[in-house]
Each structure stands twice: as structure tokens, then as C-alpha cells.
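Throughout, read-outs are computed from the coordinates displayed, never taken from laboratory work. Everything numeric here is computed off the predicted structure, so don't read it as measured data. Positions of Cβ are backbone-derived with ideal geometry, glycine not excepted, and every protein chain shown enters the neighbour counts.
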Amino acid sequence: MTVETESNSINVAIFSTAEEASREVARRIAGAVNRRPDGVLGLATGGTPVTAYQALIGMYRDGKVDFSNIRTFNLDEYIGLPPDHPQSFRHFMDQQLFQSINVDPERTFVPDGLASDVAQACSQYEAMIRDAGGIDLQLLGIGHNGHIAFNEPGSAADSRTRQVALTDETIENNARFFESIDQVPRHAITMGIGTILEAREIVLLALGEGKAEAVAKMVHGPITEQHPASLLRRHRNVTAVLDAAAARRLA
Ligand code: F6R
């Protein structure tokens, strides 16, 4: 069941379960690919999109979507982790999605966490997105502190792909994926908020009560760099796909 409302220019689609919300996100991604089979997807990692990626794999296996000509750009990557490190975002994408669909691995891009010249790798990433024609659909999650990608509170609205320091809160949150908190990298490369806002369509998925406050601030709070997700309200085509728990604090 969906409730669609228009609030401060973020469309909100609420589903009773995380499973249904995830399937909706998969449908939207597949829809974008079917509309433009040689288009460009912006993809996210983390706990949130895993079920959506599984649903997308299911749609691929059922012959409902063909990824052979698409290009993908991921939001972010930890600095210092090689691509085959179990916690690198490149490894996550390979495991959770790319290996199970017919995307050409040469057309999947994740920032290079081992780049010797990070600034140059970042401007090259921006150039590659531009040369690909820009991102058609960007998938996002949201941090408890309102971060999008690794744009932590205080990130500039016009920021571009760059090196960032992770906040203590984000390091603590992501420690669940590592053996110990000491192993969580302290820095990452992330697309900027300006980069994200240039995508033609943005779909933000948030699941669970833990995200309810961040979601409510995104939709109802002030538009401020202190809550990066609120800056999405400056974009014309954003949909927040939520389960009921993440939508709990919405008016
Ligand atoms: C992931 C990313 C992050 C996550 C956010 C939520 O590529 O950029 O912004 O979307 O931290 O993470 P989860 O889904 O693990 O709650």
C-alpha cells in the first residue's frame, strides 16, 4: 500500500514493510533502465539497499530488465581499502548486485580508495560522470545524522566529489560491518551534494525506526547544510521511499 504526498517538493511514498519499499525501489531502478537501456545509474551501499538489490536481481532473472548497456557510478568508497577488501564498497557492489546481473564490469565505477592522488581521482570521477551524460537515477540512503553519501553535516550544498573525514557517529555506525571499530577507515571519497543534485531523478530509501528522525528533519525541518538530506528539497524530482517505521515521525 502506498501513500504519495507532496511535501516541500520531496515526494514521499510509504509502504507498510521494508520488503515492499525495497521492491518499489527495484521497480523504479528497472523502470529507469528500461526507459534508457544505455543510461547511467548512481548506486549506494550500506544495509538499506540490500533487499532492493535482491529484488532487482529477481527482476533481471525474470527477464524484466537488461543491464548490458548501462553504466553505474557509486556514491562513495573508503580510503585505504583495496577493491577486494570484504568491507570495501566495490566488493559490496560486486557481491550484492553486479555479479548477479548482466552489467559489464568495465562500465561499473566506484571511487578509487587506493588512489595515490586523491584530488585528481576525484576530479576524474566527476569528469567520467559528465562524459557519461550525467546520472539518470541516483539511489541514496540516509545516515542517522542526515548524511547523504558521506556528505556529513556541514558539507557544502555545492560540494563535489572529494576526500572527507567521517564523523565519530558514522564510524560507530559502520563498525558493525568490521571486526572492530579500529578497522573502520577514517576517511572516504564521496560524491558531493552538488554532484548528487545534478542527477535527473533521485530515489532515497530509508527503512526502520532508526531513520525516522532523520527522515522527518529531511522532509519538515529547515533546509540546511547541517542536515544534508534536507538539501534534496532543492531538487525537482526526488522521491523518498519509506517503510512505515521510517515514516513514523512524518506529519
Ligand atoms: C552508502 C552511503 C551512506 C548510506 C547511509 C545509510 O553508499 O553513501 O550514505 O546510505 O550511511 O547506511 P545504511 O543503509 O547502512 O543505514
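Among residues of region 132-143 that are in contact (Cβ under 8 Å) with a residue 60 or more places away in the chain and closer than 15 Å to ALA52 by Cα, those with a Cβ under 9 angstrom from a residue that is aromatic (Phe, Trp, Tyr) and more than 9 Å from the ligand (Cβ to nearest atom), sequence gap 6+ or separate chain, pair up as GLN138/PHE73. Scanning region 200-245 for residues that are buried (at least 17 other Cβ atoms within 10 Å of the Cβ) and over 14 Å from GLY146 (Cα atoms) gives ARG200, GLU201, ILE202, VAL203, HIS235, VAL238, THR239, VAL241, LEU242, ASP243, ALA244, ALA245. With the checklist (1) closer than 27 Å to ILE135 by Cα; (2) of a type in the set (Gly, Ala, Ser); (3) out of contact with any Asp or Glu (no Cβ under 9 Å at 6 or more places or on another chain) in hand, flag the one item GLY210 doesn't pass. Only one criterion is unmet by GLY210, namely (1).
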